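The values are calculated or read from the model by the stated rules, or taken from the named source; none is laboratory data. Only a predicted model underlies this, so the values are computations on that prediction, with no experimental measurement involved. Glycine gets a Cβ as well: all are built from the backbone with ideal geometry, and neighbour counts include every protein chain shown.
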Amino acid sequence: MGFERADFRFMLNLWRMSLADRYLGSALGGAWAVLNPLLMFALFTFVFGFVFQARLPGADSTMAYSIWLICGYGPWLANTEALTAASNSIIGNAGLVKNMSFKTEVLPIAATLLGLIPLAVSIIFLLGVQLLSGSGWKWSLAWLPFVVFVQFTFLAAFGVMIAAITTFVRDFGIVLPNLLMIALFSTPIFYPIEAIPSVAQGVMALNPIYIIANSYRAVLLGDQFVPLVNLLVLEFLSLGLLAFSLSVFRRVKGYFPAVI
C-alpha cells in the first residue's frame with residue numbers, strides 16, 4: 001500500500017495523540033475510553049438480563065441474550081468509533097496537514113484504530129462474564145486475531161474514503177451518525193437473523209457488518225463454526241477497496257490545505 005516502517009511508527013504516535021486529545025482536561029483522562037463502553041455493557045447486561053429478561057430461542061438463561069448482544073454490539077461500537085474518528089481525521093488535524101510534510105493517508109488509518117479500545121473492552125468484559133458464569137473459554141478464540149484483522153482492514157478501507165469525502169463535503173460528517181444508526185438497526189445485532197423475512201436473510205448474510213458481528217459471536221460463544229470463507233472473501237474485497245480508497249485519497253490530498 002506504499003507505507004514504510006516510519007509511517008507505521010507515526011501512525012501509532014497519532015493514535016496516542018488522538019486518544020490523549022479526546023479526553024484532555026478530564027480528571028480521569030484516557031480512562032474514560034475504557035469506562036464509557038464498560039458502563040454501557042454493564043447497563044445492557046442489567047436491562048436485558050434482569051429487567052426485560054430477554055431470551056434467545058432455546059436458551060435457558062436470560063444472561064445468554066445479554067452475552068449474545070454484546071458479542072455483536074461491541075464490534076459495532078468499534079465500527080462507529082473508527083468511522084466517526086476517520087471522518088474528522090483530516091479536518092481535525094488541519095495544522096499538521098498544512099504545516100508538515102508527511103503521508104496524510106496515515107491520519108484516517110490511525111483514526112480507525114481508535115475503535116480497538118471499545119472492541120478490547122467488550123472482549124475482556126465477555127470473557128470475564130463467561131469465566132464467572134462457569135461456561136469457560138472456547139477453542140474458537142484462536143480465530144479472534146484474524147477476525148479483528150479483517151474488521152480493521154474493512155474499516156480502514158472505508159475510513160480513508162470517508163475522510164476524503166468529509167474534507168470536501170462537511171455535511172457528510174453530520175449525516176454519518178444517522179447513516180450508522182440506520183445500519184445498526186437494519187443489521188441483525190439486537191435481533192437474530194431468523195427474525196427477518198426468509199427472503200431477506202440471504203441478502204443480509206452478505207452484509208459485511210453482519211459477517212463481522214456473526215464472526216465475533218462464533219468466536220466468543222463457540223456455538224457455531226467460524227465463517228472462514230466469508231471472512232476470507234471480505235478480507236480480499238476490503239484489501240481491494242483499501243487500495244482504491246488510497247488511490248483516490250492520494251489524487252485529491254493536494255487540495256486539502258485549500259479547503260480545511
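Among the criteria (1) hydrophobic (A, V, I, L, M, F, W, C); (2) farther than 20 Å from A85 by Cα; (3) modelled with pLDDT under 80, the one A31 does not fulfil is (2).
Over 22 Å from L119 (Cβ atoms) and of a type outside the set (K, R): does that describe V248? Break it down into steps so the answer makes sense when it comes.
Values: over 22 Å from L119 (Cβ atoms): yes; of a type outside the set (K, R): yes.
Criteria met by V248.
Between A142, A183, which is among the hydrophobic types (A, V, I, L, M, F, W, C), touching a residue at least 24 places away in the same chain (Cβ under 8 Å) and part of a helix (DSSP H, G or I)? Don't jump to the end; show me each part of the working.
Numbers: A142 fails: touching a residue at least 24 places away in the same chain (Cβ under 8 Å).
On inspection, the qualifying residue turns out to be A183.
Filtered by the rule that a residue be surrounded by fewer than 13 Cβ atoms within 10 Å (Cβ to Cβ) and either of a type in the set (A, V, I, L, M) or without any contact (Cβ under 8 Å) to a residue 12 or more places away in the chain (or both), region 192-205 gives A195, P197, S198, V199, A200, G202, V203. Determine whether region 208-218 contains at least one residue that is part of a helix (DSSP H, G or I) and under 30 Å from K253 (Cα atoms). Yes, region 208-218 has at least one match. Considering only residues that are assigned to a helix (DSSP H, G or I) and in contact (Cβ under 8 Å) with a residue 12 or more places away in the chain, which ones fall in region 95-110? Once the filter is applied, which keeps residues that are assigned to a helix (DSSP H, G or I) and in contact (Cβ under 8 Å) with a residue 12 or more places away in the chain, region 95-110 yields V97, K98, V106, L107, P108, I109, A110.
Taking the stated definitions as given, is A157 of a type in the set (A, V, I, L, M), touching a Ser or Thr at 6+ places or on another chain (Cβ under 6 Å), in a helix (DSSP H, G or I) and crowded, with 20+ Cβ neighbours inside 10 Å? Yes.
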